[in-house]
1. Restricting the search to segment 196-223, which residues are surrounded by 17 or more Cβ atoms within 10 Å (Cβ to Cβ), polar (S, T, N, Q) and assigned to a helix (DSSP H, G or I)?
2. Can you tell me which residue within segment 224-274, out of those that are assigned to a strand (DSSP E or B) and either touching a Leu at 6+ places or on another chain (Cβ under 6 Å) or modelled with pLDDT under 95 (or both), is surrounded by the fewest Cβ atoms within 10 Å (Cβ to Cβ)?
3. If I filter segment 166-194 down to residues being touching a residue at least 40 places away in the same chain (Cβ under 8 Å) and more than 24 Å from Ser251 (Cα to Cα), which single residue comes out as surrounded by the most Cβ atoms within 10 Å (Cβ to Cβ)?
4. Restricting the search to segment 245-274, which residues are over 23 Å from Leu166 (Cα atoms) and among the charged types (D, E, K, R)?
5. Please go through segment 18-57 and give me each residue that is buried (at least 21 other Cβ atoms within 10 Å of the Cβ) and in contact with a Ser or Thr (Cβ under 8 Å, 6 or more places away or on another chain), ordered by number.
6. Please verify whether segment 113-134 includes one or more residues that are β-branched (Val, Ile, Thr) and surrounded by fewer than 16 Cβ atoms within 10 Å (Cβ to Cβ).
7. Select from segment 76-107 the residues that are in contact with a strand residue (DSSP E or B) (Cβ under 7 Å, 6 or more places away or on another chain), among the β-branched types (Val, Ile, Thr) and either part of a loop (DSSP other than H, G, I, E, B) or within 15 Å of Lys40 (Cβ to Cβ) (or both) and list them in ascending order.
8. If I go through segment 13-57 residue by residue, how many of them are over 26 Å from Ile188 (Cα atoms) and either in contact (Cβ under 8 Å) with a residue 60 or more places away in the chain or touching a Pro at 6+ places or on another chain (Cβ under 9 Å) (or both)?
Amino acid sequence: MLKVALTGSTGLIGSRIIELLKNDFQFIPLLQEEVDITDKEGITRALNNIDFDLLLHLAAYTNVDLAETNKDLVHRINVEGTRNVFQAVKNKGKQFIYVSTDFVFDGVNPPYFEDNSPKPISTYGRTKYEGEKIVGQEGMIIRISYPYRKSFALKQDFVRGIRSALEQRKNLFMVTDALITPTFIDDIAFGLKYLFNNYSPEIFHLVGADSLSPYEAGKLIAKTFNLNQSLIQPISYKDYFQGKAPRPQYSEIKSKKNHFCRMKTFSEGLTACQ
């Protein structure tokens, strides 16, 4: 059985990967409280003491707005941390998978495929792209976009955040002139199952089957869970993100390479969350 070490194992995505694939792989979690990826000597020692075939690097600083005021910390985790983990894995001659994001693109000329050139516009996006450049062609890079799942007590994703607000009858302003590509985390896990077994040091996009505006996404969430759609009000991208970290406006992400795992549409993913 393939032995997969992973950082970020208790997070939104990592915990679900382990839940779904625990019978297919032997997972070796590198827990944050035990191993600090920003400590080069510590992470090297930890990886030298375990036997694994492949490392999945999920750990990252992901708060897009706070990243703008915590630039040193974000760089330490997303860039230096990635370099430390990658170098230790490389020195052991093992395989490395780096999970990246659609935020490496500027959102100006979609759609974005694996071979499009990144042009990040936020601190978060820039540090994730720096991580990609560290890995280069010596590891696998997987970009994901707006991940969501049915349930996870420790952290809300955007779907459960919107659903919770609507259940509390809160008014929501949601952007009409933008695109996002929501991705069901179970599909990411099953895509990774194939990629673990068919490793190749290249870039893959594991993303949802369709893109839509946040406003349309909100309406669909309300409809799927029988909540009040009239609570969702339209707002422009410019007005909504005034004073916030920039996001790629038209983040329509697609894949030329994913012929191995069918990804759900947003409607299908929401149905699976019921």
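1. None - no residue of segment 196-223 is surrounded by 17 or more Cβ atoms within 10 Å (Cβ to Cβ), polar (S, T, N, Q) and assigned to a helix (DSSP H, G or I), so the list stays empty.
2. Filtering segment 224-274 for residues assigned to a strand (DSSP E or B) gives 232-235, 250, 253.
In the following step, the residues that additionally are either touching a Leu at 6+ places or on another chain (Cβ under 6 Å) or modelled with pLDDT under 95 (or both) were identified as 232, 250.
On the way: Ile232: 23, Tyr250: 19.
Result: Tyr250.
3. Step one: list which residues in segment 166-194 are touching a residue at least 40 places away in the same chain (Cβ under 8 Å), which gives 166-167, 169-194.
Within this subset, residues satisfying the condition of being more than 24 Å from Ser251 (Cα to Cα) are 166-167, 169-171, 193-194.
Values: Leu166: 21, Glu167: 11, Arg169: 9, Lys170: 10, Asn171: 11, Lys193: 17, Tyr194: 15.
Taking the candidates together, the pick is Leu166.
4. Step one: filter segment 245-274 for residues over 23 Å from Leu166 (Cα atoms), giving 245-264.
Within segment 245-274, Arg247, Glu252, Lys254, Lys256, Lys257, Arg262, Lys264 qualify.
5. Once the filter is applied, which keeps residues that are buried (at least 21 other Cβ atoms within 10 Å of the Cβ) and in contact with a Ser or Thr (Cβ under 8 Å, 6 or more places away or on another chain), segment 18-57 yields Leu30, Ile37, Leu55, Leu56, His57.
6. Just the residues of segment 113-134 that are β-branched (Val, Ile, Thr), to begin with: 121, 123, 127, 134.
Then drop every residue that is not surrounded by fewer than 16 Cβ atoms within 10 Å (Cβ to Cβ), which leaves none.
The answer is no, given that none of the residues of segment 113-134 is β-branched (Val, Ile, Thr) and surrounded by fewer than 16 Cβ atoms within 10 Å (Cβ to Cβ).
7. Residues satisfying the conditions are Thr82, Val85, Val89.
8. Qualifying residue count, segment 13-57: 0.
The values are calculated or read from the model by the stated rules, or taken from the named source; none is laboratory data. Quick caveat: nothing in here was measured; it's all calculated off a predicted structure. Reconstructed Cβ throughout: ideal geometry from the backbone, glycine too, with neighbour counts over all protein chains shown.
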